[in-house]
Amino acid sequence: MKVSLAGKMVETTRIRNEEVQLGRNRAAGDAFAAAIIASGHVSEPRRRGSLFRSVPVGLISSFLTTYRADAADPLTDPKLMGDYIGARADSELRDWDVLFASVQKDDAETDTLSGLVMKPFARGVGETDLRQGALAISGTSRRVGSPGDEREGLTEHQIAVAEASYRERQVAAGKPVPTTLPPRIFCEVEGRRPLIILRFVKPIVADESLANRLPGNVLAWSICFPPSNIEGGTVEYVVNTIRMREMFGEEEIEEEAVGDPE
């Protein structure tokens, strides 16, 4: 099937458990945060962390060029990211919102990127993948991020319009309106800025005998791509339904990721 990144949330749900590369990813995050601050952008305190608005695409591209997740997840491949973003760098993806996320727990440990304080999110990882050298987010949500991430950067008006439009479409199609609306509708808001979220993940595993294989806090990212009016940007994959859920999550269910307090 062909998959487009337009209107999608893409996350690093698989990361290689290699000390050198994990260190490079953290260094890339440090450099990214430092560059944003040096460019004169001021953070906006948010319930979910610190938000920087209208960050130039060049800084995002530099970070994504250095960061590496896992080759088994094609959507996070830096070449694909670079090609897709590059084709839209002068228009739809020119300015970005950047959120340095923190878990909402008063007693949570803290970490930092270039002085920005961030509280890590506990996330369960698969035992089989861990044995094979990969940190793969497990559980029903299979998400690095948290419910509502896609709303960051949007105005209250944009959120209200997106919710109302979705409800109207469901009713017009004779379909029930779910209690929890699908998060993708907020990525699909026309005219929104692309959003990248950086967060520290604290991997946890149910099998205590594997705990010694876990690293410390791991830097992960999520990107909410807005709709695109530029042709191209699709890539063809052969995947099963489980893999699709791993890449994009459940269609109509916004479950709480393990470790979140909300």
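Values as computed for the structure displayed
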| quantity | calculated |
| --- | --- |
| Residue pairs meeting the criteria (Cβ under 7 Å; at least 6 apart or on separate chains; first under 15 Å from Arg151 (Cβ atoms), in segment 161-173; second open to solvent by less than 60 Å² (accessible area, probe 1.4 Å)) | Ala162/Ile185; Ala162/Phe186; Ala162/Val189; Glu163/Leu181; Tyr166/Leu181; Tyr166/Ile185 |
| Answer from Ala72, Ala33, Ala101 - the residue that is closer than 28 Å to Val205 by Cα and open to solvent by less than 40 Å² (accessible area, probe 1.4 Å) | Ala101 |
| Segment 1-30 - residue that is charged (D, E, K, R) and farther than 25 Å from Glu190 by Cβ and, of those, surrounded by the fewest Cβ atoms within 10 Å (Cβ to Cβ) | Glu19 |
| Candidate set from segment 75-90 (those that are open to solvent by 40 Å² or more (accessible area, probe 1.4 Å) and farther than 20 Å from Ile36 by Cα); member that is nearest to the chain's Cα centre (by Cα) | Asp77 |
| Breaking point among (1) surrounded by 13 or more Cβ atoms within 10 Å (Cβ to Cβ); (2) within 23 Å of Ile230 (Cβ to Cβ), for Leu219 | (2) |
| Failed criterion for Thr179 (all others in (1) at pLDDT below 95; (2) closer than 30 Å to Gly82 by Cβ hold) | (2) |
| Subset of segment 23-45 (residues that are touching a helix residue (DSSP H, G or I) at 6+ places or on another chain (Cβ under 9 Å) and of a type in the set (Lys, Arg)) | Arg24 |
| Elements of type helices (runs of 4 or more DSSP H) in segment 111-212, at least 3 residues being surrounded by fewer than 22 Cβ atoms within 10 Å (Cβ to Cβ) | 127-131, 156-172 |
| Conditions (1) over 30 Å from Ser43 (Cα atoms); (2) at pLDDT 90 or above; (3) within 20 Å of the chain's Cα centre (by Cα); number of the one not met by Thr234 | (2) |
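The values are calculated or read from the model by the stated rules, or taken from the named source; none is laboratory data. All values reported here derive from a predicted model rather than from experimental measurement. Every residue, glycine as well, gets a Cβ built from its backbone with ideal geometry; the counts of neighbours run over all protein chains shown. In case anyone asks, the SASA skips ligands and DNA or RNA and just uses the protein heavy atoms, side chains included. Shrake-Rupley method; radii C 1.70, N 1.55, O 1.52, S 1.80 Å.
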